[in-house]
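What follows is a short report on a single structure.
The values are calculated or read from the model by the stated rules, or taken from the named source; none is laboratory data. Computed from a prediction, not measured in an experiment: that's the story for all the values here. Using ideal geometry, Cβ is built from the backbone for each residue, glycine included, and neighbour counts are taken over all protein chains shown.
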Amino acid sequence: MLHRGAPMARVIVVVPCYNEAARLPRGAFDGYDLPEHELSFLFVNDGSTDGTAALLASMVEAKPERYAMVELERNSGKAEAVRQGMRRARADGAELVAFWDADLATPLAELAAFIAHMEEDAARLVVMGARVRLLGRHIERHFYRHVYGRAFATAVSRMLALPIYDSQCGAKLFRAGEELDFALAEPFLSRWIFDVEILARLVVCTADATPDLSQRIYEVPLTLWRDVAGSKVRATDALRAVRQLAQIGLKYQAALSVRHRRSGP
């Protein structure tokens, strides 16, 4: 936890945007703050063809101390937009780097809890949102997406030998450092399940580290999450994701095999 008098950590939230002019809730971004941290947002315009570029430019012009923008000339997919944004955030001196979906399906209010969990353990590398339906929480998710998500997360857990509940929630926070730089060094195989490849790369670069990676990743059950109309994810992407998961497993097979042997049955 951040103690009184401790220096303010610089937090940059990367927000990938592709044709989000009608969905991006500007007021929510304008109204959110973290008084004990130096917070800013880095929007990555991923070759949008609507009014997204103009909207983001107007936000940056109005509050240049709070907002910045990366412009990708052509649509490269969410994975590359996030990677480019996070690399830029590292170059800009971020100590904690998040990526967050532009539609705020995960409200920004959840970010404070992510940071608190990151700061309570200096060895922690990643804090991930988890969409868990519990009493007192409001998780509004289409049934078929929930069922597919559970099956997919189980496959990811088995492949990485990490007990992950929700690998694909679009809200994650990372500690800046060599591990994150390694995870972002090269383009990802997949446009959509890059979250899994980030974790696979962390498996590779922390293979001999202590504590074990399973103790350095923390999942936070979200208080509120809702499906927002206009998602870019299509039904066919589910089948594509399964194929790409297999490709990720093959690419990092050597490191994952070592992890499975160390993790036991």
Task: Conditions (1) without any contact (Cβ under 8 Å) to a residue 24 or more places away in the chain; (2) closer than 22 Å to Arg191 by Cβ; (3) not polar (S, T, N, Q): number failed by Trp100 - done: (1)
Open item on the list: Under 8 Å between Cβ atoms, which residue pairs at least 6 apart in sequence (or on different chains) link something in segment 114-128 that is touching a residue at least 60 places away in the same chain (Cβ under 8 Å) and closer than 18 Å to Gly170 by Cβ with a partner that is part of a loop (DSSP other than H, G, I, E, B) and β-branched (Val, Ile, Thr)?
Closed with: Met128/Ile164
- [ ] Filter segment 89-140 down to the residues that are closer than 17 Å to Val44 by Cβ, among the small types (Gly, Ala, Ser) and in a loop (DSSP other than H, G, I, E, B), then identify the one that is nearest to the chain's Cα centre (by Cα).
- [x] Ala102
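So that you can scan it fast, the table gives a plain yes or no per residue for (1) of a type outside the set (Gly, Ala, Ser); (2) under 27 Å from Glu179 (Cβ atoms); (3) touching a residue at least 60 places away in the same chain (Cβ under 8 Å):
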position	(1), (2), (3)
Glu20	yes, no, yes
Tyr32	yes, no, yes
Phe41	yes, yes, no
Met86	yes, yes, yes
TODO: Go through (1) part of a helix (DSSP H, G or I); (2) within 18 Å of the chain's Cα centre (by Cα); (3) of a type outside the set (Phe, Trp, Tyr); (4) over 29 Å from Phe41 (Cα atoms) and name the single condition Ala183 misses.
DONE: (4)
- [ ] Kindly check whether there is at least one residue in segment 129-144 that is surrounded by 19 or more Cβ atoms within 10 Å (Cβ to Cβ), closer than 16 Å to Val11 by Cβ and modelled with pLDDT of 95 or more.
- [x] yes
Open item on the list: Anything in segment 222-257 that is at pLDDT below 85 and either at positive phi or not charged (D, E, K, R) (or both)? List them, or say none.
Closed with: Val228, Ala229, Gly230, Ser231, Val233, Ala235, Thr236, Ala238, Leu239
Open item on the list: Testing Ala185 on (1) closer than 20 Å to Val13 by Cα; (2) free of Cβ contacts under 8 Å to residues at least 40 places away in the same chain; (3) surrounded by 13 or more Cβ atoms within 10 Å (Cβ to Cβ), one condition comes back false. Which one is that?
Closed with: (3)
Open item on the list: Checking Leu55 against (1) crowded, with 17+ Cβ neighbours inside 10 Å; (2) out of contact with any helix residue (DSSP H, G or I) (no Cβ under 8 Å at 6 or more places or on another chain); (3) part of a helix (DSSP H, G or I), only one condition comes out false. Which one?
Closed with: (2)
